[in-house]
Each structure stands twice: as C-alpha cells, then as structure tokens.
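First the structure, in the form of structure tokens, and then the observations on it.
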Amino acid sequence: MIVVTGATGNVGQALVELLAGAGERVTAVSRRAPEGGALPAGVVHRAADLADANGLGPVLEGADALFLLVAGDDPEAILSAAKAGGVRRVVLLSSQGAGTRPDAYRHPAAFETALKGSGLEWTVLRPGGFATNTFQWAQSVREQRTVVAPFADVALPAIDPADIAAVAAAVLREDGHGGRTYELTGPAALSPRQRAQVIAEALGEPVRFVEQTPEEARAQLLGFMPEPVVAATLAILGAPTAVEQAVSPDVEKVLGRAPRSFTEWTVRNLPAFR
C-alpha cells in the first residue's frame, strides 16, 4: 500500500490518480476530504494532519511506501510513525530552495536531513516554481486581459505539477531511486512577460503586461505569506542563482520523456483565464 499525504493538493491529487490507475492500493491523506468526495475507485481517504504525528499510526499501518509533504514541525516523529507502520520507502516533496538557499528554506532542509538519517529508503524531489502559480493571474486576465507581476524579464523554468506527480509515481513504484535527489524543472526558462504572451496566444487575444515594483509585489505577497517566505520568494524571482535558472535533466531521466511545456500547461488550464 502507498500512502499519499497532501492528497487534495496540486501534486497529491494527480499522484493518487496515477497510482490508482496503475493498480496500486492507495490511501489518500489530507486534513479534509476531497470536495464532493471525488477519489478514484478503490482509493481510501483518511483524515490526518502531519502536525499531529501521534495521530498518524492508524493511517500508516500496513503501508509499504509514503509520499511525504513538508508539513508539521517534527519530521523525526512523522518518520518514526512511518517506520512503526511498516513503511520502507519514503519520497519527500521538498523544494529546490533547500539546496540553493538552505538558510531561507530551513523547513524543507530539516525534513531532508531527518529523512536521510532515518534508516528508511529515501528519495528527495526538489521542484522549482510551479506552473500553477500562474493561477494568481487568472482573475486579472479574465476581467482585464492584464497580467501584473514583478521582474518582468527574469526567466525561470517553472514545472507542471502533473510532472512532479508522474516522477513521484515512478519513484514510489520502481527500484533504483533510493538515495537520490531529483531537481525538477520545466523544459525552458520563461520570464513573466513571456508567460503572459503564451497565455495571450492561447486565448487568441492580447494580454497587457504591467510590471510591479519589488515593493508592490512584497506588499501583495504579505497578504497571504509570512515575511521570511516573501523575502525568499522575491529573491528567487528577482535574483535567481544559476542553478535556479537552469533546466534540469531529471524529469526526463526518470520518465524517459521531456517535461511538459508551459504552453501545454496553459492550454490544459485555459478555462481559468477565459
């Protein structure tokens, strides 16, 4: 059995579908049940919170593998519960920042350290920015055909979360990935201005780009992010390292195909921008 935490999220939902489609026994774990109770046939949902490691025992009992989010403040307790339940393989969804900016991304870095010292078979996935972050533009594109964003011409290779899920499914089901850290990116680095143009081309209509100042972007992000996360996010968006701008070969290495492009992601999600 494979336990998937964060099963209603961008990556987790797609991962549950892939694993169930491959015939795996899956337990989908999230704090709340999926809307409408929609889960693939045969998948069991269990409500649990990674912040409460003491409550994870029944969820993990009988599991062989675990897909783990960075959530809660006690990774050692989570991993101890996993071992007690019989888990032997853990795939951790970390962040590229744990490698490029460990001082700013201490939470995922702490989970990585705990996992590597746990005695379990481990694989770490370090995605860069998600293509789904572009949904924050959806309302302004729908209503005004406008995108407002900082750092207009700084390019980063955002990844489709469906590709993260595909890599996770392969690593959970296949041997040969133990002790590896995979950097996951899209196939090309695109700037916010270029991504806005992709959306415009998919819509068949012009989309105006308005560049925010860093101060304006900071004020907006503080509305839903804590200050340290805002600072780290703006640092990556405005002054990325060479590694953060590079296209990684790891998606293709695991899946045998190139990662999906931002254009593919946009076309698949175009109704959100119409």
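The values are calculated or read from the model by the stated rules, or taken from the named source; none is laboratory data. In this text, all values refer to a predicted model and were calculated from it rather than measured experimentally. Glycine also receives a Cβ, built like all others from the backbone with ideal geometry; neighbour counts cover every protein chain displayed. Note: accessible area is taken over every heavy atom of the protein model, side chains too, but ligands, DNA and RNA are not part of it. Shrake-Rupley method; radii C 1.70, N 1.55, O 1.52, S 1.80 Å.
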Before anything else, pin down the relative contact order of the chain: Cα pairs under 8 Å, at least 6 apart, normalised by residue count, whole percent. 18 percent
Would you work out the Kirkwood radius for the range 137-246? I mean one over the mean of 1/r across all pairs of different Cα atoms, in Å. 16.0 Å
per DSSP, antiparallel bridges as share of beta bridges in the range 102-248, % nearest 5, sits at 10 percent
How far apart, in nanometres, would the label points at residue 243 and residue 261 be if each is projected 7 angstrom from Cα along the Cα-to-Cβ direction? 2.9 nm
With every protein chain left in place, what is the accessible area per residue of the range 161-274 in square angstrom, probe 1.4 Å? 50 Å²
Over the Cα atoms of the range 190-231, what Rg and Dmax result, in angstrom? 13.5, 39
Cα axis of helix 106-116 to longest principal axis of the chain: angle in degrees, 0 to 90, nearest 10? 30 degrees
Expressed in Å to one decimal, the Kirkwood Rh of the range 1-115 from all distinct alpha-carbon pairs is 14.3 Å
Using the Cα centre as the reference, give the magnitude of the dipole from point charges on the C-beta atoms of the range 191-274 (Lys, Arg: +1; Asp, Glu: -1; all else neutral), rounded to the nearest 20 debye. 300 debye
What whole-number value in Å² describes the accessible area per residue of the range 11-66 for a 1.4 Å probe? 54 Å²
Starting with the highest mean, order 216-224, 85-93, 150-158 by the number of other Cβ atoms within 10 Å, averaged over the residues of each peptide. 85-93, 150-158, 216-224
For labels at residue 74 and residue 155 in the simple 7 Å Cα→Cβ model, what's the distance in nm? 4.7 nm
Rounded to the nearest percent, how much of the accessible area of the range 90-171 (1.4 Å probe, protein heavy atoms only) is carbon and sulfur? 49 percent
